[in-house]
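Rule-based calculations on the coordinates, nothing more; no lab input. As the structure is a computational prediction, the values presented were derived from the model and not from experiment. Ideal geometry is used to build each Cβ from the backbone, glycine not excepted, and the neighbour counts take in all protein chains shown.
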Amino acid sequence: MRRESIHRLVVRAPNWIGDAVMCEPALRGLRSLFPQAEVTLLAKAAVAELFTGYPGVDRIVVYNDRDVHAGLAGKWTLAGTLRRHQFDLAVLFQNAFEAAFLTWLAGITRRYGYATDGRVFFLTDPVAVPDRVTLIHQVGYYWNLLKPLGLAGEPSAPALVISAGEERAMESTLASAGIGPADVVIGVNPGSTYGSAKRWLPERFAEAARRLIDRVRKDEGKEAAVMILGAKGEESLGKAIATLVEAKSVVLSGATTIRELMAATKRCRLLLTNDTGPMHIAAAFGVPVVAVFGPTDWRTTSPYGQEQSIVREPVDCAPCFLRECPIDHRCMTRVSSDRVYEAAVQQLESSSGLSRSSGLFSLSGLSGAGGQGANEMNKRNQINKMNQTNETNQTNQTNVLSGFTIFLDRDGTLNPDPGYIPSSDRFELFPGVAQALSRLKQAGARLIVVTNQSGVARGLFSAGDLDGIHAKLRYLLGEAGVSLDAIYVCPHHPDDGCNCRKPDRGLIDRAVGEQRIDLTRSYLIGDHARDIELAKRVGSRSILVTTGAVLPEQVEGLKASGPVPDRVASSLAEAVDWLLSDARSRINHAGHRR
């Protein structure tokens, strides 16, 4: 394959969170092999969210196989979406027959992947499956797929990225539970969506966590707390452990998005866990892990780079890979809380050798992979660092919007409004929007999107489609170094009588309750009369942009018949110019009054 001939490529990501994390070094390696190509990630919603803002990909297409992409008709729809991008190459990290079939159906010229699941006919470049007798870690399995393309060396540890805004939002969540930024946080992840066979006993999780809390307080003289993570349906499990710990705790089971789970996991000093996706997320952020393994194979799915973190009982029937244990669950019941506690103490004592991810895209371990491509990525990384440093300096110098919140309408304000946007591939920002929002961020503002999306209730697109659109929104903004602090959506039909559809104030009230917002220090920017009406109802300053529903020639009529905005702007950039000037005037006026 002539790599320089590949201009657009699509990557089919694994479906499970843990697998997707273990695939990240290979995704980074692929970027180094094709430094000039536009890379699109095709992934299910949760994995798409995992890679939101990830600098190794240029675009994310969400595969919603339970709704718009369900059935043969849905597959044809997805194939059509892929066909429009005119990809030169598809790289299939997902091993299923369907992955190859979809890319064949989309007419992608080159289709590259392991020759698994009877799909050789649909692959133009099949790669022989590794000998199953020779065990290899999943990180190496994904990495080795690319070696025929020229990838050399060994993979580095997985690395993930979250924004400073996402970290601040998590600190705010913890603060509401009485956990301060200086508190040591011990994470506990006691569940498993795979099945009960992978779950260690909850009372032993609680015992190990309680002893670690006592040790931190005694040896380090610091306050400590327990953060309990988990999926929907595991809330009662989390609450039970919190009760048993008898210490300051917060239960986030079933209450986080994937991005919030990432921020929560990164905040931990150490994570006690079963063999699950959050285990791999923690390792990718350099958080010390203690993982209890039972029915799964610790040799292939342990947290990469932290193999010493495994606690297991060597019983004859393990690994069995069963979801439910048909006998006495001996692989888990024979693991004592003492063993987990002792492993955790060792991890804490050696954690000085573990570097936490800075949130920047790291290229460590790629010096031998891709040659010029790796150099190109190193240049990009240096530019990212320089940009981040410049933004930080500028924020410190012009922190005029510190403590201010900017509410943003979506359609017609941030992006063109065709009526309804049913999928992420139809979503694009107005030119200059990311740069304008970057200025607000640099000035210290929080950015919150509030949007009516009745298309969900009308059946025009699903909640999953909307999540994919917002993942793309965050990704496009992330390319300019901008992170949104929150997105609040009203999915209801106008006739439903809800209190969250703008101009009703439900979305703003929810944001105030969750984000601790001072509405006297807020602005609302929108393109519709209802946005201006909402601003008046909640006491925000308002800016009407004439990029959407209200055209410039309609402004005078709007002022005569409806709420009057504090400012009318022809673009978001112009709106930001006025907003910064107005905020400075308000601050100066308040200072003179004092």
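Computed packing ranks the peptides 470-478, 46-54 as 46-54, 470-478, most packed first, by mean other Cβ atoms within 10 Å.
Just to be sure I understand: of the beta bridges DSSP finds with both ends in the range 438-594, what percent are antiparallel, rounded to 5?
Of all bridge pairs located within the range 438-594, approximately 0 percent are antiparallel.
Determine the shape class of the range 79-133: with a ≥ b ≥ c the square roots of the Cα gyration tensor eigenvalues, call it rounded for a/c under 1.5, and otherwise prolate if a/b is greater than b/c, oblate otherwise. Judged from the Cα gyration tensor, the range 79-133 comes out prolate (a/c at least 1.5, a/b above b/c).
Absence of a disulfide-compatible partner, taken as no other cysteine beta carbon within less than 4.7 angstrom, is noted in the chain for C23, C268, C317, C320, C325, C331, C498.
Taking 0.36 nm per residue of sequence separation and removing the Cα-Cα distance, the D316/R215 pair yields an extension gain of 32.9 nm. Using a cut-off of 31 Å between Cα atoms, the listed pairs K44/K198; K232/K266; K198/K248; K266/K536; K266/K441 include K266/K536 as exceeding that distance.
Using only the C-alpha atoms, the convex hull of the range 3-156 corresponds to 110 Å³ per residue. Around the amide H of V184, modelled in the peptide plane, lie the amide H atoms of E223, A224, A225, all under 5 Å away and 5 or more residues distant in sequence or on another chain.
Relative to the first principal axis of the alpha-carbon coordinates of the chain, what is the inclination of helix 572-593, with its axis defined by its Cα atoms, in degrees from 0 to 90 and to the nearest 10? That helix lies at roughly 80 degrees to the long axis.
With angles folded into 0 to 90 degrees, how steeply does helix 337-350 sit against the dominant principal axis of the chain? Use alpha carbons for both and round to 10. Taking the Cα atoms of the chain, the angle to 337-350 is about 70 degrees.
Less than 5 angstrom separates the built amide H of V10 from those of T40, L89, A90, V91, all sequence-distant by 5 or more or on a different chain.
Across the range 457-469, coupling constants 3J(HN,Hα) worked out from phi with the 6.51/-1.76/1.60 Karplus curve, θ = phi - 60°, read 5, 7, x, 7, 7, 9, 4, x, 4, 5, 4, x, 4 Hz, and Gly and Pro carry x. Only helices enter the 222 nm calculation for the chain: every DSSP H run of n ≥ 4 contributes -39,500 (n - 2.57), and dividing by all residues gives -12500 deg cm²/dmol, rounded to 500. Across every direction, the projection of the convex hull enclosing the Cα atoms of the range 461-594 has a mean area of 10.3 nm².
Applying 0.36 nm per residue to the separation of I136 and S571 and subtracting their alpha-carbon distance, the gain on full extension is 151.2 nm.
Once C-alpha pairs closer than 8 Å and six or more residues apart are averaged by separation and normalised to the residue number of the range 164-353, the relative contact order reads 23 percent.
In terms of Cα atoms, the Rg and Dmax of the chain work out to 25.2, 81 Å.
The local environment of K222, defined by Cβ-Cβ distances under 15 Å, has a net charge of +1 under the rule Lys, Arg +1 and Asp, Glu -1. When only Cα pairs below 8 angstrom with a gap of at least 6 residues are kept, the range 3-156 shows a relative contact order of 24 percent.
The stretch between A177 and E324, if pulled fully straight at 0.36 nm per residue, gains 49.4 nm over its current Cα-Cα span.
Work out from phi, with θ = phi - 60° and the Karplus expression 6.51 cos²θ - 1.76 cosθ + 1.60, the ³J(HN,Hα) of each residue of the range 177-185, listed in order in whole Hz, and give x for Gly and Pro. Karplus-based 3J(HN,Hα) across the range 177-185 equals 9, x, 9, x, x, 8, 6, 7, 10 Hz. Using C-alpha pairs under 8 Å with a sequence gap of at least 6, the mean separation divided by the residue count of the chain gives a relative contact order of 13 percent.
Model label sites at S454 and Q346, defined 7 Å from Cα along the beta-carbon direction, differ in position by 6.2 nm.
Modelled spin-label separation between A152 and A115, with each label point placed 7 Å from Cα along the Cα-to-Cβ direction: 2.7 nm. In degrees between 0 and 90, to the nearest 10, how far off the longest principal axis of the chain does helix 71-85 point, with axes built from Cα atoms? Its long axis makes an angle of about 70 degrees.
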